[in-house]
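The values are calculated or read from the model by the stated rules, or taken from the named source; none is laboratory data. Quantities reported herein were computed from a predicted structural model and do not represent experimental measurements. Note: ideal-geometry Cβ built from the backbone for every residue, glycine included; neighbour counts use all protein chains shown. Accessible surface is based on the protein model in full, side chains and every heavy atom, while ligands, DNA and RNA are left aside. Shrake-Rupley method; radii C 1.70, N 1.55, O 1.52, S 1.80 Å.
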Amino acid sequence: MDLNKIGKFISKKRREKKITQESLAELLGINNRTVSRWENGKNMPDVSLYKPLCEILEISVEELINGEENDQNNIQSGIEKAIIDTVSLSEKSKKKQNKIIKLLILIIIIVLIAIVFVITYYDKRYPKINIYSMDIIKDSEENNLKNMLTVDNSNIYFYGIKSFQLIDEKSNYYDLKNALIYKQTNIEKIKKHLELQYKNGNMKRFILYDGGTTIYKNNKYEVIVCNTLEDNNDLYFGLPDIEEKTKGAICGKDASDVCYFTRTFHIVDISETNDEDFVYITVLDNKGNKANVKINNTNDVKAGKDYEFVFSTYNSFSDNVKNIFEHSTLIKVTETNKVGQDQINEEICVNK
């Protein structure tokens, strides 16, 4: 930048406009000695004064910095330079953007490969289970109830067993606890399998009066799916008759809250209901009281025979045949030859 050339150019354009140094200084709001120092080539105008100075002298900033007027060739050259600089900057920007894009694509590809690898490895190690059957491993210890896992707001309990296993169609065995932890299956799929086994005649199903709790049972094991009025959704896996052997300490109930009693009834008649899970039976007690009640159709009873009915309950209610079947859970039905005074008619324990 040639200060002498710029100073002479400012002086020339000032005189052409017939403006004194004092007038120019006044228009710019500066000291007139500052203008003199510009024109003598000792100083360059402050950047903040470029625009107002160029407007007064009617020159461009480029002409001020160059210290001369632009001719047509200079203008063309400036335009070309600006275009070249712009294109060059654009190309550099594009190259930089392309590098960033390529890097991002590479990172995404690496992440996707890692995800696929993890999913493949996980699926291979913990494959989804298409449940074909179930089995138990009997525990060598004394029968007891163990809380094994909490999943999906449900507690999973084992009774008298070491492990409960799921088996797929290829006879692969999977531990129930691990299968739930690693999401190889879920509680809903287990419920669907139990229901399918019942419909195929491989298991008995008992629906309790407490709001929908269901017991699935075969000769080897039992599964209790809680669905109480108190919104208990626990599941119990183990040896048959869990409810009876734990003295009713299931589905959020304490053993001290539940009691058992036995009554003998003669079945007069059996008829169907609108619900496939239940049948109506007309029963007669030893006092000649008759009632038409509903029981699970999985109970193997016949008209004209006498049976001992084992009930559990935790509610107090008036002692009559209809109330017993409505407010108690029927645990077991056994055919008996006892009649008259030999019949069992225990007092309802909660009424004591």
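Data overview
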{"read-out": "Where the chain is the region considered: accessible area per residue in Å², 1.4 Å probe", "value": "60 Å²"}
{"read-out": "Max mean-square fluctuation residue, GNM over the chain, Cα-Cα springs under 10 Å, options Ser256, Ser11, Ser171", "value": "Ser11"}
{"read-out": "Rounded to whole Hz, the Karplus (6.51, -1.76, 1.60) HN-Hα couplings of region 318-325, x for glycine and proline", "value": "5, 7, 9, 4, 5, 5, 4, 6"}
{"read-out": "Label-to-label distance, nm, for residues given as Lys189 and Lys287 (7 Å Cα→Cβ offset)", "value": "5.4 nm"}
{"read-out": "Nonlocal amide H pairs with Thr213, under 5 Å, H built at 1.01 Å", "value": "Leu208, Asn227"}
{"read-out": "Point-to-point label distance, Ser171-Leu3, nm (Cα→Cβ direction, 7 Å offset)", "value": "10.1 nm"}
{"read-out": "Cα centroid separation, region 145-172 to region 204-250 (Å)", "value": "14 Å"}
{"read-out": "Rel. contact order, % - alpha carbon contacts under 8 angstrom, at least six apart, the chain", "value": "9 percent"}
{"read-out": "GNM top mover of Thr313, Thr213, Thr334 - the chain, alpha-carbon springs below 10 Å", "value": "Thr334"}
{"read-out": "Rg ratio (alpha-carbon, reference 2.2 N^0.38 Å) - the chain", "value": "2.33"}
{"read-out": "GNM flexibility winner over the chain from Val35, Val116, Val279 (Cα, springs under 10 Å)", "value": "Val35"}
{"read-out": "Violating pairs (Cα-Cα greater than 27 angstrom) within the set Lys245/Lys338; Lys124/Lys199; Lys247/Lys287; Lys146/Lys170; Lys146/Lys338", "value": "Lys124/Lys199; Lys247/Lys287; Lys146/Lys170; Lys146/Lys338"}
{"read-out": "Estimated FRET transfer efficiency when R0 is 56 angstrom, pair Val350-Arg125 (beta carbons, to 0.05)", "value": "0.65"}
{"read-out": "Backbone HN-Hα couplings from phi across region 157-164 [Karplus 6.51/-1.76/1.60, Hz, Gly and Pro as x]", "value": "10, 10, 10, x, 10, 8, 7, 10"}
{"read-out": "Cysteines (scope the chain) whose Cβ has no counterpart Cys Cβ under 4.7 Å", "value": "Cys54"}
{"read-out": "Computed label-point distance, nm, for sites Leu229 and Ile105 using a 7 Å Cα→Cβ extension", "value": "6.7 nm"}
{"read-out": "Accessible surface of the chain, 1.4 Å probe, proportion on carbon and sulfur as whole %", "value": "50 percent"}
